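**Q** Questions regarding the structure given below will be posed in turn.
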Amino acid sequence: MAKNTAVGHKKFWHSFRFAAHGIASAFKSELNMKVHSVLAVAVLAAAAFFRLPPLSWILLLLAITLVLSTELLNTAIEATIDLVSPDIHPLAKTAKDTAAGAVLLTAVFAVIVGIYVFYHPVMDWITGFMS
């Protein structure tokens with residue numbers, strides 16, 4: 001990886017490029033990142049379909065951001081563990097499992113947020129559709 005030798009505002013903008021590269025790399029290499037991203041797009045499309053109020057959008061965006069951010073951190077932790085401990089080691093397993101647990105926890109939170117946000121709009125839509 002190239003070292004960031006820029007100074008001042010150029011260094012600031014280069015950091016965004018490196019961050020975007022990291023996100024793209026995780027998206028290319030991690031199936032779960034792809035799954036979470038596709039689900040995020042589907043959830044946002046559903047939010048638009050149901051014309052959810054701004055607060056519901058904020059809750060959904062918070063949940064999506066948490067899941068994707070945690071997935072990025074999990075990917076970084078796994079890559080670091082693979083670098084420093086190429087052999088199977090119980091501590092490496094613990095670190096990887098704990099990072100995966102963080103993703104699971106945020107995904108469960110996202111599901112709870114989704115149920116909270118979409119329950120009444122979906123029920124109203126089903127009721128209107130059936131009458």
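The values are calculated or read from the model by the stated rules, or taken from the named source; none is laboratory data. From a predicted model like this one, the values you see are computed outputs, not experimental measurements. When we count neighbours, we look across all protein chains shown, and the Cβ atoms used for this are built from the backbone with ideal geometry, even at glycine.
**Q** Is the stretch 50-58 home to any residue that is farther than 30 Å from Gly128 by Cβ and of a type in the set (Lys, Arg)?
**A** no
**Q** Looking at (1) within 14 Å of the chain's Cα centre (by Cα); (2) of a type in the set (Asp, Glu); (3) at pLDDT below 95, which is the only condition Glu71 fails?
**A** Only one criterion is unmet by Glu71, namely (3).
**Q** Next question. Which of the helices (runs of 4 or more DSSP H) found entirely inside the stretch 1-86 contain at least 2 residues meeting this: over 30 Å from Phe118 (Cβ atoms)?
**A** The helices (runs of 4 or more DSSP H) meeting that bar are 8-29, 54-84.
**Q** For Thr65, which of the numbered conditions (1) buried (at least 17 other Cβ atoms within 10 Å of the Cβ); (2) without any contact (Cβ under 8 Å) to a residue 60 or more places away in the chain; (3) of a type in the set (S, T, N, Q) fails to hold?
**A** All conditions are met except number (1).
**Q** Taking only pairs six or more apart or across chains, which ones have beta-carbon atoms under 6 Å, a first residue in the stretch 86-97 that is under 18 Å from Leu73 (Cβ atoms), and a second residue that is not β-branched (Val, Ile, Thr)?
**A** Pairs found: Ala92/Ser85; Lys96/Glu78.
**Q** While we're here: Within the stretch 87-100, restricting attention to residues that are surrounded by fewer than 12 Cβ atoms within 10 Å (Cβ to Cβ) and part of a helix (DSSP H, G or I), which residue is farthest from the chain's Cα centre (by Cα)?
**A** By that ranking, first place goes to Pro90.
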